[in-house]
Each structure stands twice: as C-alpha cells, then as structure tokens.
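Worksheet: one structure, shown below.
The values are calculated or read from the model by the stated rules, or taken from the named source; none is laboratory data. Small disclaimer: the values here were computed from a predicted structure and weren't measured. Neighbour counts are summed over all protein chains in view; Cβ atoms, including those assigned to glycine, are modelled from backbone coordinates with ideal geometry. Calculation scope for accessible area: heavy atoms of the full protein, side chains included, ligands and nucleic acids excluded. Shrake-Rupley method; radii C 1.70, N 1.55, O 1.52, S 1.80 Å.
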Amino acid sequence: MKAIATLTRPERGTALLLSIGLAVLGLVMAAVARQGVMATHGMMAVALGLFLSVALAGAMNEPEPPADRLHRYYDAPTRFGIGLTLIWAVIGMGVGVWVAALLYWPEGTPPWPWTSFGRLRPVHTSGVIFGFGGNALIATSFHVLQRTSRARLADSVSPWFILIGFNLFCLWAASGYLMGSTQSKEYAEAEWYADIWLVVVWVTYFVLYIRTLARRNEPHIYVANWYYMAFILVVAMLHIVNNIALPVNLGTAESFPVWAGVQDAMIQWWYGHNAVAFFLTAGFLGMLYYFLPVRSGRPIWSYRLSIISFWGIVFFYIWVGSHHLHYTALPYWVQTLGMTFSVMLLVPSWASAGNAIATLNGAWHKVRDDATLRFMFVAAVFYGLSTFEGSFLAIRPVNSLSHYTDWTVGHVHSGTLGWVAMIVFGAIYTLVPQLSGRETMAWPRAIEWHFWLAVGGTLIYVVSMWNAGITQGLMWRAYDEGGALSYSFIETVEAMAPYYLLRTIGGGMFLTGAILCALNCRATFRDAPALPDTSERPLSPQPAE
Amino acid sequence: MLKLHYNLEKVSMGLVVAIIVAASIGGIVEIAPLFRIDETVQLPEDLRPNTPLELAGREIFIREGCYACHSQMVRSLGDELDRYGPYSLAAESAYDHPMLWGSKRTGPDLARLGEKYSDDWHVAHLIDPRAVVPASIMPAYPWLMRPLDTGLLRDGLATLARLGVPYDEAQIAAAPADALAQSRPDSTEAEGFIERWGEEIALRDFDGDPARLTEMDALVAYLQSLGRLTDAPYRLMAAEEGAQ
Amino acid sequence: MSAHRDQPPEVDPVTGYDTTGHDWNGIKELNTPFPRIVIWALVITFVYSVIAWVLLPAFPWGRDYTRGLLGLDQRELAVEQFRKMDAVRQDWLPRFADADYAALAGDEALMAQAMPAAARLFQDNCAACHGATGDGGPGFPVLSDGYWLWGGDPETIAETLRYGINATHPDTRIAEMPSFNWMSREERAAMASHVAGMLDGRSDPDSAAGVSFVENCAACHGEAGEGGLDIGAPSLIDEAVIYGQDRASVMRTLFDGRAGVMPAWEGRLSEAEIGLLALYVSGLSRADAEDAQ
Ligand code: HEM
Ligand code: HEM
Ligand SMILES: [Ca+2]
Ligand SMILES: [Ca+2]
Ligand SMILES: [Cu+2]
C-alpha cells in the first residue's frame, strides 16, 4: 500500500485506531440489527474496517516518509479520490445507460427485485452525483486548497477518513436502494444511519478545510475556495434539515422523516434544488475557477464580477426550491418567490459563465488545440445554457408545460453531462499527468476522442429529451376543437419510444468516453515515475503536526 | 463595499459566517411560515390516516421506487382536472411521512387512483403490466406475491403517532393483527378491525389468494386508498361547480 | 500568514486591465470593472420581481401572506380554465346525459364530434381492462363481439357503467358465480367436461352432469346454458368467454366461484360522459360486425 507509506508511524497508529473503531461500529450495527439491510451494512463496515486494520498493522514498521514531506503538498489523497471518481463514473453512468435502455425495452428487466427500474434509478442519481461528483469535488478541493493557500493539508489522516468515509456512505446508499431500503426523498434517499455517518464525515471535511486555510500563505482566500466552502457549509445545513427522521426502531433501516405533507415537500425541494446549487454548481464553480486559469494560463477576467456572482449565487439560490412545486398544493405565495428569485438568479449564473469564457480571451488558440481546455470551455457554455433553461423553466406557465415531463430530464443532463461531467473531465486531464509527474496523459489522442464522444453524446441526449418532454407536455394538455382532451395517457407513453432509444444511444456514447478516460488515467498512473515532487512553489514552514 | 469584501476575503471564519447568513435567509422566509399560516393545511374532519395494511403497502411503494415514475399530485391546471380529477389538497398528504408528490410522470398520476380499477386488475398489472396494457413500459413486479412481513408495523404506527399522526393505542397495539384482518373479511378478527378503523374502509382479500397475506395485498390496499382518505377535494370541486 | 505580501498590479496585455496583485500558484485576477450589462440585468430582473411581488401573492406576513393586487388564487384559476373548456363542450356533450340514444346515434355531425372524445375516455379509463379496442383480456369481458352479460343497448350499458358490477357503489349490479366446492372432485370434473363441451354441442344433456347442470346452474345460466337472464350470468354456449371455458378454467371457476369487478364510474365520470361511453361501447360490436362482413 503506497498510501500508507506516506503516513508517519504515529499517524499510522491513529489510522489503525480509526479502522478498528469502524469495525467495532459495524459490529454493533450488525448485532443490533441482526438481519436486514442494516445488518448487511454493518458487516460491510466490519469488512472495510478489518481490511484497513490489517493493511495498516502490516505496514506499521515500513520506512517513514522523509522529514521534508512537510514542505511538499500532500497529493496522495487526491490521487486516490480521482481513482474513486472514475470508478463511480463508470458505475453511475453505466446504470444510467441501463435504466435509459429499460424505458425503451422494459421486457429486458430481469425478474430480480434489485434490477428493477425504480431501485436502479436512485443508484444512478446517487452514483453520479455523490459517487462521481462528490469524489471529484473532494479530490480536487484538496489539490486546489493546498495550491491556492501554499500550505500542506493540516493533517494527513483526516483526508483519508473523509474519502473512505464518504465512499462508505455512497456504498451504503447504493447497495441499500438495491435491497429496497430508501427514504424516497430524491437525492437524499439514503437511510438514517448513513445520513448520520455522512454528517460525521462532513464535519471532518469542514474542519480540515478551515484548518488548512488558517495555515495559508496568501493573505487573500482565492475565489475557488469561497465556492468550495459554500459547498461544504450549505450542503451540511441542507442535509441535516432534510434528513431528520425517526427510525422505526434502532435495529432497522426503516425510518419516518419528521416532516410531512406540504412542509416536507418544501423542505425536500429546498434541499433538492440546493443539492443542485451547492453540490452540482458551487463546488464545480470552485473547480472551474482553479483549473480554467491554470490550463489557459490566463488571469480571471474580473475579480469584481466574481464577487457579485458568488454572493448572488449563495443568496438567491436558496430561495428557488419552490419552483419544483409550481401549481401543486404548496401555497401560491411560495411559488411566486421561487419563480422570481429563479429569474434574478440568472444574472449571477451568467456572470459566472461569462467570467469564465472571457477569461479565455487571449487563449482561444489553446481552446482550439487542447481538448482538455475545450472540455472546460464547453462546460462553461453548458453551464450558461442550463442555467438559462433553468430560469426559464422556473416561470410558472412554462413549468406548467415542462413539469413531470422529460424536458426536466433534458435540463438535468444538460447541466450534469454538459457542465458537471465536462468540468470534471477537464480537471482530471489537467491533474492526472501532474500527479503522475508526466507532461501528458498516457494516450493524449484519446482525450480528443473522449471530447467528441462526450459532446456528441450530450447533444443527442439533451436534444432528444427536449423533444420528448415538449411533445409529452403538449400532448397531455391538447384539446380538440370540441373541448375534449385529444390524447390518452398511453398514447403519450408510446410517443416517447424513439426519444428513449436516442437517449440510450447518446448516453452510451457518453459512457464510452468516460470509460476511455478511466483507462487513460489508469495507464497514466501506471507509468508514473516514483512519487513526483509536487511542490511547484516553496511552502512556508509548517507547524509541527 | 469592495473594500469591505477585500477585507472579508482575508478572514476565513468571516467568510464562513457570511455564507451561512446569506444562505439561511431564503429558507427561513419560505419554510417557517408554512408551519404557522393556518390556511396552508386545512385538515378536513373526515381525513383518516392509512391502516396498517395500507401503510405496509406504502412502504412497498417506496421500496420499489414507484414514485420515480408516478406522481401523486394533481396540479391546479384545467387539463389535469379533466384528466385526473379534483386538484390535490395539502391536507391529503398531511399524515404522509414523507410526502410522495413525485417529480416525474413516466406513468400517469396516481393521486385519484383509489377504486378506479379492481383489485384483480392491479394484481394482473403488477405481475405483468404488458399482459393487460400491451404498450406499457412499466416494469413487472412478480415477486410481490411473497408473504408480507408485519413485524415492524406496531413500531411503525407508534413512530408515526409520535410524529403527530392520529393513531390511538388500540390501533397501534393491534397493528400486525389488523393488517391480516383487513384482508380477511370473513374472519373473526375482522370485527376488531371494524371496531378500530370504522366500517367505511375496504375490507377484502386484495390479491386473490385468501389463504395468504402477501406484499401484493398490502400494495393493492394502498393503491385502492389513494385519494380516498378524505372526500374534501370532491366536496370542494362540487362547491366550485355549484358556485358557477 | 503575513509572510507574503500582495504584488504590485500589472497590466494584462490582452485586455488592457490591471491585475489585482494577488497571485495564487500563478493564478491572477484582473480588476475589470463590473460590466454595465450585469448591473442592468440585475436591475431588470429585480424590477420584474418587484412587479410580481406586488401583483401576486408573495411574502409571508404573520399568520397570513400578502395577497397581491390581482388577488389571484391558483385553484380558482384552474377551475376557471376547466370551465372554459367545459363551456366549449357544452355545445354537444350534455346531450349525452339523458338521452334518446337512437336519435344521438343518427346525428352524424354530432357523432363525428363526439367519438374521438369517447375513444380518449375509453383509452384512459376502460382500456386497461377491456383492451384498447375492447377485445378484453384474461378475466375481463370482450366488449366488441356482440355478446353481452347484461345487454348491449346503450341504456343498459350506461347503467352498468354508472353503478359497476360487484363494485363499491351501493346500487352496484351483482354478478356472483357461487363456489361449488361442496361438490366432489369427480362431480366437478364431470361438470367441467360437460360445460367445456357445451361450446360445440358435444355434451349430453341427459348425462349425470347434464342433469346436475339443470339442477345447479340453469337458474342462472339457463337450461341450455344460453345465459342472458339479466343477472350477469354469461352464456356458456357461445365463444364469448371471460375466464376461459376449457376444462381447467371451468374447474377453477367451479371451485373458487367468480365475482369479477367492474368499477362504478358515477362520480369519476359525468353523466354525459357515461352516456357518451355507452354509445361508444355499444358501437364497438357493430364496428366489429361490419369488419367481419
Ligand atoms: C451516461 C450518461 C447518462 C445517462 C444515459 C443517464 C440516464 C438517465 C436516466 C435514464 C434517468 C432517468 C430519467 C427518468 O426517470 O425518466 C436519469 C436521471 C438522472 N440523472 Fe442521468 N444519465 C447519465 C449521466 C448522468 C450524470 C453524469 C449525472 C450527474 C452528474 C446524472 C444525473 C441525473 C439526475 C440528477 C437524474 C434525475 C433527474 C430527475 O429526477 O428529474 N446523470 N439519468
Ligand atoms: C439558474 C440556475 C437554474 C435554475 C433556475 C434551475 C431551475 C430548475 C427548474 C425550474 C427545474 C424543474 C423543476 C420541475 O419542474 O420539477 C429544475 C430541475 C432540475 N435541475 Fe435545474 N436549474 C438551474 C440550474 C441547474 C444546473 C446547473 C443543474 C445541474 C448541474 C440543474 C439540475 C437540475 C436537476 C437535477 C433537476 C431535477 C430535479 C428533479 O425533479 O429531480 N439545474 N431546475
Ligand atoms: Ca436520507
Ligand atoms: Ca426527479
Ligand atoms: Cu431547482
């Protein structure tokens, strides 16, 4: 285990204690639950804890890392996090393609409960949002935080705790859905003990972040860190409030959220929308703010615009969740607030996109030649597109057409494929060679292939879902001249078939690109020379750990 | 202003506090009043909570992820009134922990489903949707014919009661027995069920297999209860029609 | 932390703007002023919002909320929209409510108007059981073959729709096939063969099963199994079959009994829609017969 070699002996001791603690926690869970999902999850924790303990105990007396490590950045966790990002990308998007195919070909569902559409869909959403997006955010945030602070991470154990703990959460969540354990709250489906566990992980993450910032060597905190911090803080707040639940009893995964009915709906979409805002947007803006200027070699176009966009996004976003509940039993006044704030939100959103694109001024030749930078450029464009679309969809009459249809799904994937995934790939192609001590990726031409597969796949996916959604919405509300509804529901289902097929093809292309990326990264890491020295600039002396 | 920000950027805890404040206001303004403004949820007198069997069915609905394709919310739009029936009221989901309003209609809305189809149809449809609706893209759920586990029902009702759902002691204590009784109209336990839950509630064998209490019994009982927990939406629409 | 000082601003050659003087691992920022357009966009979207807040319900206020100058209520609006379309339907739909069906069926213009609407209603409410074209399914009768349990004239069909069969409506039609599980297995088997044979006239009315049929079944299904006694008991001598008339299916019918449920539509559908559907359904078999010719 190369990673253990980066820890000092006392750190290995701490890690060993934590691993044993995890195994004990798992044992307690399994003992209390005795059967069912929670017992399985307990045993998973036991297995993970034991595996880590054995690995650590075995490597306890290996040579310690050199004393000058404190003058270098700590990149091993970032490397590990990128590996996890890519694994989850393939799992999450693979399941996405599979559920897309099931909607075209429902007979293809095998007769086992855990392969059913309703159970797999949250595996897809959690897999890509938390597994793929979350790991990418954590991994890059470690990198960005150290570089922009010119300080090493405040300690060496907690980054591992955060990454491993977070992935245990993802694993509990996804395997829970397969076994039928879910709270049904979109993007927060994981059950109560997983929710509590995530809080522990998240608090550790915040503490590590703030401690490292405190050691920074630059007087100012860079914009990327504002966004990463907003991501960490607000997600914590949303997660805790939305997930408060009473377990049916302590020995079972089942629980009832304390909120009910209309209040639950509002809290759910206050959470749901801001999961989009602070998970899928704020964090990735942090990523964009670092990797775009680094790759293009250009200064950020406007510091002042950054300020306005940042605070605009933080303040406006939190108001708009009610646009998911237009025309429902949620009182009209909340809908008006959701609609108007969504419209105002467009300004800071476009200001960010514009700031990113203007940053490329003077580097357009690089955009043309460098697929990695092109990923970031396309991400900024899709960010602009999907936020414009979002603000448009938030207008009540528009939403009356789009809501419940595949138009929403089209919007979602213009944001997640076009924006989130593209910026992640851009960041990965920038980072991976650097972390491997190489000039380029192992297969530089594959990046070009990946780029076109991703852009083509996204366009096919999004355009087919726009067509599907608008067709569906118009058919649902079409009246004939006699004032009677024109279409039965099943006719609208039949009309979707060609679009569902196209979406599967587009998704398949996107997935192929992602697999290519994963293989390319593996090859690059494989061929890495021994641990590269990644202190581009001198770090100031660090306090003893 | 710019100067202020210039300085704020140097203080990490200052940024933290500023972010928390800026990101709290909207939520507080929109959410807190929903608990206070009386008009938000007007509980009709005839509103009842789910029976234990229906509640078990609801958990299966959640477990299988039906909400991923089916909404339970008729929006206040003319064409939805035409297609589905009276618009949904906040009160209808007042006892729903969590609510299941949904966000996607791959299949039709289910808010007014109760008693629209027969139990037999639901069973046939859930076991193989394409046997009854050839163009359907809904997955099949053949495994629902397995026995229902009623072990958690008593704790479940008790937990919900703690959260404010009006279940009384007797209903909680008899929850597992009542789940069985609701599917056995001719049994002696049925009398106890009627005593605790009233005469109005569907009391029959839902899955076509009177010998066994299956997950299918629970899910179909739940589906047949959708939109039937209160008549308020129908009364309201009738009043609107009358006002014409 | 104070080890590092800001650098003096430099001019960016591409844009001509100054940098702020910060440098994070090589990343710099320009001090480009706010573009005017951003300010304008903020102002415009804010004005839009203020107008919306004034006109529409918007902010909570104590135990109430601001109602907005327009005094809009989304439920009233929905009912209004609904009524607007309903008003269009008033031209033709109410005629189906209390009707002389023969006259309606004769009015070709009206039927051209109404039948597509009826087809949509049928698809959304009935097709799940009776099939998209009314040709039934396992356990659900065919509506397009001209054989009827209760009668195929629109009046009778309308009544069936309104109250349902074995449904939860208080006036529901009742059609129960009792269970004959008190018979011995041999008796049931003989009876099943007998009934299965009735379709092609192979069965012998004088056999033991034939006699038993007259004793036990004729009250509902008629002496010769011709059905049609207005109690919903199907004919057993034509090919219109709900559950199947092969030996095994009949065995099951005899053992378990049957009471198929047709939901009641009163309340869910209006009286006029029921009338409309009744005409549509009665026409299904005619259309079928015409096809056959
Ligand atoms: C290979 C590419 C992908 C394919 C084929 C795919 C396919 C799908 C499908 C079929 C659905 C269900 C839609 C429905 O229920 O009608 C879905 C939902 C969703 N996907 Fe993806 N997906 C892909 C990538 C991603 C990525 C990368 C993300 C996020 C980073 C993502 C986030 C989501 C979300 C949030 C939803 C839920 C949308 C909603 O509830 O409206 N997907 N996806
Ligand atoms: C200004 C920014 C944005 C606004 C105002 C906005 C607005 C909206 C609206 C109105 C809906 C439809 C709600 C419904 O009818 O149910 C929606 C859905 C959604 N949006 Fe956005 N959007 C924005 C940006 C984004 C971005 C950048 C992403 C992804 C990276 C995204 C991801 C989603 C997701 C996942 C959903 C589906 C939620 C669900 O139903 O499960 N949005 N958004
Ligand atoms: Ca949860
Ligand atoms: Ca959704
Ligand atoms: Cu939203």
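Ordered from highest to lowest accessible area with the whole protein assembly present and a 1.4 Å probe, B:Asp155, A:Asp370, C:Asp91, B:Asp178 read as C:Asp91, B:Asp155, A:Asp370, B:Asp178.
The value of relative contact order for chain B, using C-alpha pairs under 8 Å at least six residues apart, is 27 percent.
When the accessible areas of A alone and C alone are added and the area of the pair subtracted, with a 1.4 Å probe, the result is around 4900 Å², both sides summed. Entry note, the protein assembly as shown: the mean residue ellipticity at 222 nm calculated from DSSP H runs of n ≥ 4, each adding -39500 (n - 2.57), is -18500 deg cm²/dmol after division by the residues and rounding to the nearest 500. Largest GNM mean-square fluctuation among C:Phe46, C:Phe255, C:Phe82, using chain C with Cα springs under 10 Å: C:Phe46. Provide the per residue accessible area, probe 1.4 Å, for chain A, rounded to a whole number of square angstrom. With the other protein chains kept in place, chain A gives 31 Å² per residue.
Sparsely packed loop sites in region C:63-167 (the trypsin sites (Lys or Arg not before Pro) outside DSSP H, G, I, E and B with at most 13 other Cβ atoms within 10 Å) comprise C:Arg63.
With distances taken between every two different alpha-carbon atoms, the protein assembly as shown has a Kirkwood hydrodynamic radius of 32.0 Å. The fraction of Cα-Cα pairs per 20 angstrom bin, counted from 0 for region A:80-526, comes to 25, 60, 14, 0 percent, rounded to whole percents. Note on region B:23-167: Cα-Cα pairs beyond 27 Å make up 33% of the total pair count. Over all orientations, region C:99-207 has a Cα convex hull whose mean projected area works out to 10.3 square nanometres. Taking every alpha-carbon pair under 8 Å whose residues sit at least 6 apart, chain A reaches a relative contact order of 15 percent. Cα convex hull, region A:373-492: 109 Å³ per residue, rounded to a whole number. Computed from the alpha carbon positions, the gyration tensor of region A:128-196 leads to an equivalent ellipsoid with semi-axes of 29, 12, 9 Å, biggest first. The ratio of the alpha-carbon radius of gyration of region C:121-292 to the globular-protein estimate 2.2 N^0.38 Å is 1.08.
Placing +1 on the Cβ of every Lys and Arg and -1 on the Cβ of every Asp and Glu, with no other charges, gives the protein assembly as shown a dipole of roughly 6880 debye about its Cα centre.
Ligands, DNA and RNA aside, B:Leu43 has an accessible area near 100 Å² when probed at 1.4 Å. Between A:Gln35 and B:Tyr234, the FRET efficiency from the beta-carbon distance, with R0 = 60 Å, is close to 0.85. In terms of overall dimensions, region A:190-256 has a Cα radius of gyration and Dmax of 15.8, 51 angstrom. Close amide H contacts of C:Asp18 (hydrogens built in the peptide plane, cut-off under 5 Å, sequence separation of 5 or more or a different chain): C:Asp12, C:Asn31. Relative contact order of chain C, taken over Cα pairs closer than 8 Å and 6 or more residues apart, is 20 percent. Across the options C:Ser144, C:Ala259, C:Ala196, the greatest Cα extent toward the positive end of the charge dipole of region C:121-292 (unit charges at beta carbon of Lys, Arg, Asp, Glu) belongs to C:Ala259. As a size descriptor, the averaged projected area of the C-alpha convex hull of region A:291-418 was calculated at 8.1 nm². Annotation: Cα Rg of region B:156-221 relative to the compact-globule expectation 2.2 N^0.38 Å equals 1.12. Of the solvent-accessible surface of chain B, computed with a 1.4 Å probe over protein heavy atoms with every protein chain present, carbon and sulfur atoms account for 57 percent. Within the assembled protein chains, the solvent-accessible surface assigned to B:Lys104 is about 10 Å², based on a 1.4 Å probe. Within chain A, the selection of entire DSSP H helices by a Cα span of 24 Å or greater along the long axis and an average Kyte-Doolittle value of at least 1.6 returns A:36-58. The Stokes-Einstein estimate for region A:92-155, based on a Kirkwood radius over Cα pairs and taken at 20 °C with 1.002 mPa s viscosity, is a diffusion coefficient of 154 µm²/s. Using a probe of 1.4 Å on the protein chains alone, the accessible area found for B:His97 is around 10 Å².
Reducing region A:259-332 and region C:230-244 to their Cα centroids gives an inter-centroid distance of 63 Å. Within the same chain, lysines fewer than 8 places from B:Lys10 are excluded, and of the rest, those with a Cα less than 17 Å from its Cα are C:Lys28. Using only alpha carbons, region A:1-67 has a radius of gyration to Kirkwood radius ratio (Rg to Rh) of 1.14. Orientation-averaged projection of chain B equals 19.6 nm² [convex hull of Cα atoms, one quarter of hull surface area].
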